[in-house]
Amino acid sequence: MNKALTDGIQLMPPAFALGLDVWSSENGTPGSDTYDGASNATLIAADGDFSGCLELLKTSNTQKLRYSGNTPMFAGCYWQIRARIKAVAGPLPSVRIGAWAGDSNGDRLNGVVQVGPSTALENYGEVVEVSAIVGSGARGGVDMVWGEDAVYGHFGIDLTGANNGVVRIDDIIIEDVTSIYTQSKLDVVDVTDFGAVGDGTTNNVAAFEAADAAANGRTVLVPEGVFKLNSTVTMASEIRFHGTVDMPANAQLQLLQNFDYPTYFTAFGDEQTAMEKALQALFNFTDHESLDLMGRSVELTQPIDVHAAVGNVDRHSNRRVIRNGRLAANSSSGWNDTEVTRTANYDPSDPYKLTGISNASGILPGSLVQGTGVGREVYVRSVNNSTGELTLSLPLYAAPSSQTYTFTRFKYLLDFSGFEWLSRFTLENLDFACNGRSSGVMLADDGLIFHVKDCYFSGPKDRGLTSAGKACAGILMDRNQWLSNEQDLSVSQRTTIGFNINCNDSKIRNNRALRFLHWGVIGGGGALVIGNHFFQDDSTGGNIRSSGLIVASNHPKLTFVGNYVDNCTIEWTNEHDATPDIITGYSFGGMTITGNHFTSAGSASWFRWISIKPHGTGHFINGLNIIGNVFKAFSGPDLERVEGVDTSIAPLLPDKFRNISVIGNTFTGVSDTFMNPVTLEVSRTSVGAGWRTGIGNYMPFDSKARYVTAVMPNGPMQNSSNATVFTSPYAEGGVGPNGQSFDLQWGQPLKGNVRVTVRCDDPD
């Protein structure tokens, strides 16, 4: 770059021979004295060394010679001032390039160097050249660094040392030498050209912004050094870091052109800091909806508290995405769980509160709550130390009025819990490499439509994804891999859980999960669980199996379709109900289980794929479809049944069952299959008016043969004389042992063969 050539900028001052009225004996500013007519200045037309020059008698301690014209200065440009001089008589002085720097107001720019290196004249008649480079940046060889505030300068020389010496000075030359600094990187604008200093202390915000403004499509270069930025900086140009930046926690670095994690890493030189600063920018700028890790692995020694990193946002609803990379937990005490115990009171009439807590501040929001009568995956949403209260994510089903609770705060790679509200956030193509040291993701306190897709949760120490509040509303989890850290442990030794959901409208689709204690705990209603494969088998050879999914709402409106349920149970409970005894209401209902594959290998015969566990009295089934599934057990004893009721707390009431459809299922390795309705063939070879028939174990969930809905003779009905009788019986269900038989009552003793359809429920 050469401004004189490209922009027609006039840098060269006029020759002395054209007149001394533009050559000042002071600073060259308007009104200063000139050498025109001065007794100590003479024009020499011919000289053996110079083709015209100025002869000058030194009469001042610092004899100045300045061109009074304004030589313009530009950020990123560098001028070299050269002068040739020789001593001809008297004491020998020293000589240097001298200058005066002016700002946009026409005032002197203070605080910058305005002289070049000094050279002593040692011999008469010897021509000596002095030079200095002036420019905006602290580049190598720049003698006068003026920064971006210099607008023009007055240039010339200074004579110092003894007075009364006579020198001759050739015409002064000012040249554009910017190309020295840009010839190898013409597409680059260097921040140091605009006054940036990489000393770790100088505030370089103005220099970065000036370089960005001047780039005009070129790349801004941050060279070696540590560049302090004391406030937020937005770079519209592409930027390349060889050095690093240092910023306060509340200052943002907004990179509009190359907003990605690798750039932030090169900018800050620390993986955790880079990730936090990139997230800060993601939440605070509207030009980018996603942070791309570009396939990089971010090694972490402590959780990323996203809310604290962002620093100034409590609620966020614009779509944001983190994608394409790996977050890994390195060995560090920063991942240690925080566990405290406190005594607290519980009142079912205020089911989301624990009260009467001394030193409640020791309990961290997001802590898992454990104690008598506490269901699985109940967390602390908030803590009020002044009142000694805390808010729970879910009610407790049978907590005593006062007891000691354990509160355990797991540590997560990404922790969003500080946000009051977070919506439309997506995690995509990420590997949460927990490595048995950390948990994966903690959601915000509240929000809507959090989306996790194509991610790996690899080896979580405690949890894969946790909702300690309501931000799981409408959550989407698609095509993720959930890999337990406890795969080599027996089922009875496992403690990890893949995820939990507290709110409505979750979509859990096409995931794969391996050997957790439980893959998921699903609360709320309206869930779609589709196309997943989760298995809980035991690599140690044990035959114990755990629940793969826990449906923790007794009326969930849940659709469970096309899944592969491998060596684990779907457990249906109401363990998050503060008043679990039912007087009125739907009880257990609103679930459809259709078109799934249920597999068991080497399980104990009492293992069940589907289990209902009431946590209070008076419960029954009111709305359940189990249709078109495949149940297969192998490599072990036949399973006694597919389904069962866990009566350890309370039984179901089969007399109240309603709207149950169990049809079209197939069974392998199962002793007692189940269906509802069931159609049986009933035969009598001797006449009788009352036919009592047991249905065996066909009825689901230990229920009764309550209703006969159809009786169809299969051939003639005959009396004792073998005469055909045309008649119909009336039926009475729920008789015999456990109500699992029904009676057909004929108007007269008959024999024959009929097909009878029986139901365990009231279909109305």
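Ordering Asn318, Thr668, Gln370 by Cα displacement along the dipole of the chain toward the positive end leaves Thr668 in first place; charges were set at the Cβ atoms of Lys, Arg (+1) and Asp, Glu (-1).
With respect to the chain, whose longest principal axis is taken over its alpha-carbon atoms, helix 205-215 is tilted by about 90°.
Positive contributions from Lys and Arg (+1) and negative ones from Asp and Glu (-1), summed over other residues with Cβ under 12 Å from the Cβ of Val142, come out at -2. Taking label points 7 Å from Cα along the Cα-to-Cβ direction, Thr232 and Asn385 give a separation of 3.0 nm.
Over all other residues within a Cβ to Cβ distance under 10 Å of Asp170, the charged ones net out to 0, with Lys and Arg as +1 and Asp and Glu as -1. Past the 27 angstrom mark, what percentage of all C-alpha to C-alpha distances in the range 184-307 do you count? Summing the P(r) of the range 184-307 above 27 Å gives 13 percent of all pairs.
Charge dipole of the chain (Cα centre as origin; +1 on each Lys and Arg Cβ, -1 on each Asp and Glu Cβ, all else neutral): 3340 debye, rounded to the nearest 20.
How far, in nm, would the chain grow between Arg315 and Asn123 when pulled straight, counting 0.36 nm per residue and subtracting the alpha carbon separation?
Numbers: separation 192, 0.36 × 192 = 69.12 nm, distance 7.71 nm.
Once the chain is fully extended between Arg315 and Asn123, it gains 61.4 nm.
Each other residue within a Cβ distance under 11 Å of Ala710 adds +1 if Lys or Arg and -1 if Asp or Glu, for a net charge of +2.
Here the alpha carbons of the range 338-409 define both size measures, Rg and Dmax, at 10.3, 30 Å. Using the Cβ-Cβ distance between Glu26 and Leu256 with R0 = 56 Å, the FRET efficiency computed as 1/(1 + (r/R0)^6) comes to roughly 0.75.
Show me the three semi-axes of the equivalent ellipsoid for the range 102-159, from the C-alpha gyration tensor (sqrt of 5 times each eigenvalue), largest first, rounded to whole Å.
27, 13, 8
Please compute the Kirkwood hydrodynamic radius over the range 484-668, one decimal place, Å, based on all pairs of different Cα atoms.
Working: mean 1/r = 0.0605 Å⁻¹.
Taking the inverse mean of 1/r over all distinct Cα pairs, the range 484-668 comes out at 16.5 Å.
Its Cα centre serving as origin, the range 3-181 has a Cβ charge dipole (Lys and Arg +1, Asp and Glu -1) of approximately 240 debye.
Under 18 Å from a label point set 7 Å out along the Cα-to-Cβ vector of Asn510, the amide N atoms of the range 468-484 belong to 475-482.
Each label point was placed 7 Å from the Cα along the Cα-to-Cβ direction; for Ser720 and Asn203 their separation is 11.5 nm. Under 5 Å between amide hydrogens, built in the peptide plane, is the criterion, and for Asp337 it picks out nothing among residues at least 5 positions away or on other chains. Dividing the convex hull volume of the alpha carbon atoms of the range 212-284 by its residue count gives 80 Å³ per residue.
How much length is gained on full extension from Met12 to Thr647, taking 0.36 nm per residue of separation minus their Cα-Cα distance? Numbers along the way, then the final one.
Details: separation 635, 0.36 × 635 = 228.60 nm, distance 9.99 nm.
Taking 0.36 nm per residue and subtracting the Cα distance, the gain is 218.6 nm.
If eta is 0.890 mPa s and T is 25 °C, what Stokes-Einstein diffusion coefficient results for the range 3-181, Kirkwood Rh from Cα pairs, in µm²/s? Answer, rounded: 150 µm²/s.
Each semi-axis of the equivalent ellipsoid for the chain is √(5λ) with λ an eigenvalue of the Cα gyration tensor; in descending order they amount to 91, 24, 19 Å.
Per residue Cα convex hull volume for the range 11-102, in cubic angstrom? Don't skip to the end; give the middle numbers.
Working: hull volume 10.8 nm³, N = 92.
For the range 11-102, the hull spanned by Cα atoms encloses 118 Å³ per residue.
Using alpha carbons only, the radius of gyration of the range 359-474 set against its Kirkwood radius gives Rg/Rh = 0.99. Evaluated over the Cα positions of the range 121-240, the convex hull gives a direction-averaged projected area, one quarter of its surface, of 10.2 nm².
Relative contact order of the range 606-656, taken over Cα pairs closer than 8 Å and 6 or more residues apart, is 63 percent.
Ordering Met699, His597, Tyr405 by the projection of their Cα atoms onto the charge dipole of the chain, which places +1 on the Cβ of Lys and Arg and -1 on the Cβ of Asp and Glu, puts Met699 at the extreme positive end. Farthest toward the dipole's positive end in the range 160-262, which of Val205, Ala215, Ala236, given Cβ charges of +1 (Lys, Arg) and -1 (Asp, Glu) about the Cα centre? Of the listed residues, the answer is Val205. Computed from the alpha carbon atoms alone, the convex hull of the range 662-721 holds 124 Å³ per residue.
Working value for the range 678-759: equivalent-ellipsoid semi-axes of 24, 11, 10 Å, each the square root of 5 times a Cα gyration tensor eigenvalue, largest first. For the residue pairs Lys557/Lys632; Lys411/Lys470; Lys411/Lys453; Lys353/Lys461; Lys64/Lys86; Lys470/Lys507, the C-alpha atoms sit more than 24 angstrom apart in Lys557/Lys632; Lys353/Lys461.
All of the numbers you see were taken from the coordinates with simple rules; none came from a lab. This one's a predicted model, so the numbers in the text were calculated from it and none came from an experiment. Cβ: placed from backbone, ideal geometry, glycine included. Neighbour counts: every protein chain shown.
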